[in-house]
Structure formats: C-alpha cells, structure tokens
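Here the structure comes first, spelled out in structure tokens, and everything after it is commentary.
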Amino acid sequence: MVNVGILASGRGSNFEAMLQHQKLGIFQGVNLSVLIYNNPEARVKDAAAESGIASHFVDHSGKDRTDFERQLATILDSHDVQLVCLAGWDRVIGSELFQKYRWRMMNIHPALLPSFGWKGLNARYVHEAALEYGVKLTGCTVFFVDVSVEKGPIILQHPVRVLESEREMFAAKREEAIQSLSDRVLLHEHRIYSKAIQLYAEDRLRVEETTTHDEHDIRTIRAVATDLSDDWEKKWSERQRPFIEWQRKQWTELGKTVNEE
Ligand code: GRF
C-alpha cells in the first residue's frame with residue numbers, strides 16, 4: 001500500500017478527483033492519507049473534512065523555506081507518506097524536500113510541458129498565454145518535481161485541442177474563453193493525475209537520467225520510462241469509467257459543458 005500525502009493551497013478540485021478515485025474503489029494499493037494546506041481559507045480543506053482524511057494547516061508566512069518544509073516533512077513522516085502529490089500548491093519546493101522525496105513527488109501543470117511552464121505562471125495565466133500565443137493544441141502534464149520548478153521528468157500528458165470558438169471568443173470575451181479552455185483541460189487533469197498515482201503504486205515508473213554534451217553545455221536529461229502496456233491501458237480505462245461517469249454528472253450539475261475534445 002502506498003500512502004499518499006497531498007499538498008494544496010486553494011480550490012482542491014484535483015484533490016477531490018483523487019478522493020473520488022479512492023471512494024469508488026478505482027485505486028488499488030493507494031491510500032490517500034493526509035492533506036496539508038498552507039492557506040487557512042483554502043476550499044480544499046472542506047473536501048478533506050467531509051472525507052475523513054487527516055488534514056493539517058501549515059502556515060508559511062514568517063518562516064524561512066527550510067523551517068516551513070521541515071514542518072511539512074514531519075507531518076508527512078508521521079503519516080508514513082511514500083508519495084507526495086502537489087495539487088495546486090503555490091510554494092516552490094526547496095532542495096531539502098526535493099532530495100527527501102526525489103522522484104517520489106509529483107505535480108500537475110495545465111499545459112503540455114515544456115510549453116507554458118514558466119515559473120509563477122498559474123492556471124489562469126497559463127491558459128491565457130496559450131490563447132494569446134495561438135496554439136492549436138494544449139493540455140495537461142503530470143511530472144516529477146525537481147528543483148527546476150516545471151521542468152521535471154514528464155510522467156503523463158493529455159492533449160486538448162483549442163476550439164475555434166474559443167479563439168474567436170478570446171478577442172471579445174477574454175475571460176469566458178480562458179474559463180472554457182481551463183475547464184476542458186481540468187477535466188483531463190482530474191483523470192490523468194490519479195492514473196499517474198496508480199502507475200506509481202504499481203511501481204511502473206522509472207526515472208532515467210542521461211548526461212549529454214552539446215556545444216554549449218553539459219545537460220542532464222531526465223525521462224520517465226513507463227511500463228504501460230496496451231492491456232494495462234485498456235483495464236485502467238474500464239476501471240476508471242465510474243469516475244468519468246461521476247465527473248460528467250458533476251460537470252453537468254455545475255453547468256459546465258462536457259466537451260471532451
Ligand atoms: C490546476 O489547474 C493545476 O494544474 C495547477 O493548479 C490548478 C489547481 O486546481 N497546478 P485545483 O486546486 O486542484 O482545483
């Protein structure tokens with residue numbers, strides 16, 4: 001059983017999606033054991049309270065990063081956490097915590113990394129930048145955290161086509177276009193993050209590091225080798241189906257369009 005600790009700072013929809021995977025019995029060998037949040041108003045804490053999962057508030061203000069992260073590590077250790085998932089966490093991870101959870105800490109980004117992965121670019125601005133740039137394709141990425149912020153080894157990605165209607169809307173109703181794209185990407189974030197957790201729990205992810213020399217530099221390339229056969233994919237799709245049905249229903253209730261393109 002892999003104990004998972006989640007670090008979140010805000011809305012918590014990715015955390016809720018993970019909770020649903022647990023409730024619906026989709027995860028195998030995964031136990032969501034603790035949520036840590038650093039913003040006392042974060043909506044994510046309500047989802048934890050309703051589900052009965054332990055949650056801790058850790059205030060980052062007035063502390064240096066090392067002290068703050070040591071506090072996080074103490075909580076994670078007390079819940080025997082093996083895998084840490086950042087889900088809308090608004091702090092950069094320092095080298096001490098990174099070393100402790102090297103290739104055992106994941107994050108999700110609402111674009112196809114390495115595109116639109118600059119430091120400080122949060123979800124809304126990522127989608128705005130993508131629309132601004134005129135990309136035809138965007139999506140989401142689950143990756144292992146390293147000290148480079150959004151450049152860690154990529155685990156899973158899902159592409160989302162930018163709709164012509166969103167491009168047109170962007171000129172006249174900017175926020176609506178951003179919201180539409182953001183919702184359509186989020187739908188897939190909620191699916192691939194849990195898939196990545198399941199892959200980790202089955203020990204199917206391996207980070208390979210290669211050092212190459214080019215005319216400018218010595219670079220270390222880190223890639224993830226994933227043991228993911230067609231058969232596994234098929235079985236996972238079947239297992240995840242109840243979540244997708246739950247998600248479609250929830251999306252419709254919220255008045256959002258379930259356009260899965
Ligand atoms: C998501 O779009 C995620 O990709 C990004 O921050 C957002 C968090 O959303 N890192 P939520 O708090 O999980 O709803």
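The values are calculated or read from the model by the stated rules, or taken from the named source; none is laboratory data. Nothing here was measured: the structure is a model prediction, and the numbers come from that model. Here the Cβ is made from the backbone with ideal geometry for all residues, glycine too, and neighbour counts use every protein chain on show. Heavy atoms of the whole protein, side chains included, go into the accessibility calculation; ligands, DNA and RNA do not. Shrake-Rupley method; radii C 1.70, N 1.55, O 1.52, S 1.80 Å.
Straight distance only, please: which aspartates and glutamates reach the Cα of residue 256 with their own Cα at less than 14 Å, same-chain residues fewer than 8 apart left out?
Straight-line reach from residue 256, under 14 Å: 176, 183.
Work out how far the C-alpha atoms of segment 117-241 reach from end to end along every principal axis, then list the three figures in whole Å, largest first.
Answer, in whole Å and largest first: 47, 46, 21 Å.
Per residue of the chain, what 222 nm ellipticity follows from adding -39500 (n - 2.57) for every DSSP H run with n ≥ 4, rounded to the nearest 500?
Working: 8 runs with 111 residues, N = 261.
My calculation for the chain gives -13500 deg cm²/dmol from helical runs alone.
Bin width 5 Å, alpha-carbon pairs only: give the P(r) of segment 74-115 as whole percents, running from 0 to the bin holding the largest distance.
Over segment 74-115, the share of Cα pairs per 5 Å bin runs 6, 17, 26, 30, 13, 5, 4, 0 percent.
For segment 184-261, take the convex hull of the Cα atoms, compute a quarter of its surface area, and give me that in nm², please. Intermediate values should be presented prior to the final figure.
Numbers: hull surface 30.8 nm².
Over all viewing directions, segment 184-261 projects a mean Cα-hull area of 7.7 nm².
Counting only the heavy atoms of the protein chains, how much of residue 167 is accessible to a 1.4 Å probe, in Å² to the nearest 10?
Here the accessible area works out near 60 Å².
Over segment 1-133, consider all pairs of different Cα atoms and compute the Kirkwood hydrodynamic radius from their mean reciprocal separation; express it in Å, one decimal.
Values: mean 1/r = 0.0642 Å⁻¹.
Here the Kirkwood hydrodynamic radius works out to 15.6 Å.
At 24 Å minimum axial length over the Cα atoms and a Kyte-Doolittle cut of -0.5, report the qualifying DSSP H helices in the chain, or say none. Kindly include the intermediate steps, with their values, before the conclusion.
On the way: long enough: 174-201 (40 Å, -0.41); 230-253 (33 Å, -2.34).
In the chain, the long hydrophobic H runs are 174-201.
So if I take the centroid of the Cα atoms in segment 168-192 and the same for segment 113-167, what is the distance between those two points in Å?
Measuring centre to centre over Cα atoms gives 12 Å.
Considering only 12, 25, 134, give the residue with the highest GNM mean-square fluctuation for the chain, with springs between Cα atoms whenever their separation is below 10 Å.
Answer for the Gaussian network model of the chain: 134.
When the accessible area of the chain is computed with all protein chains present and a 1.4 Å probe, what percentage of it is carbon and sulfur? Could the numbers behind the result be given before it?
Values: 6210 of 13050 Å².
It is 48 percent, rounded to a whole number.
Can you pull the three principal axis extents for the Cα set of segment 35-111, in Å, largest first?
Projected onto the principal axes, the Cα atoms of segment 35-111 cover 33, 30, 30 Å.
If every alpha-carbon in segment 1-46 counts as one equal scatterer, what log10 I(q)/I(0) does Debye give at q = 0.29 1/Å?
-1.06
Over the alpha carbons of the chain, what is the largest minus smallest coordinate on each principal axis, giving the biggest first in Å?
Principal extents (largest minus smallest coordinate, Cα): 55, 49, 47 Å.
Give me the percent of Cα-Cα pairs in segment 90-153 that sit more than 13 Å apart, rounded to a whole number.
Details: 1233 of 2016 pairs.
I get 61 percent for the Cα pairs in segment 90-153 exceeding 13 Å.
Solvent-accessible area per residue for the chain at a 1.4 Å probe radius, Å²? All intermediate terms of the calculation are to be shown ahead of the outcome.
Values: 13050 Å² over 261 residues.
For the chain, the solvent-accessible area averages 50 Å² per residue.
Determine the dipole magnitude for segment 21-127: charges of +1 sit on the beta-carbon of Lys and Arg, -1 on that of Asp and Glu, nothing else is charged, the reference point is the Cα centre, and the result goes in debye to the nearest 20. Please report the intermediate quantities before stating the final value.
Values: 12 positive and 11 negative charges, 67 e Å.
Roughly 320 debye, rounded to the nearest 20.
Mind checking which lysines have their Cα closer than 20 Å to the Cα of residue 23? Skip sequence neighbours fewer than 8 apart in that chain.
Cα-Cα hits under 20 Å: 45, 195, 235, 249.
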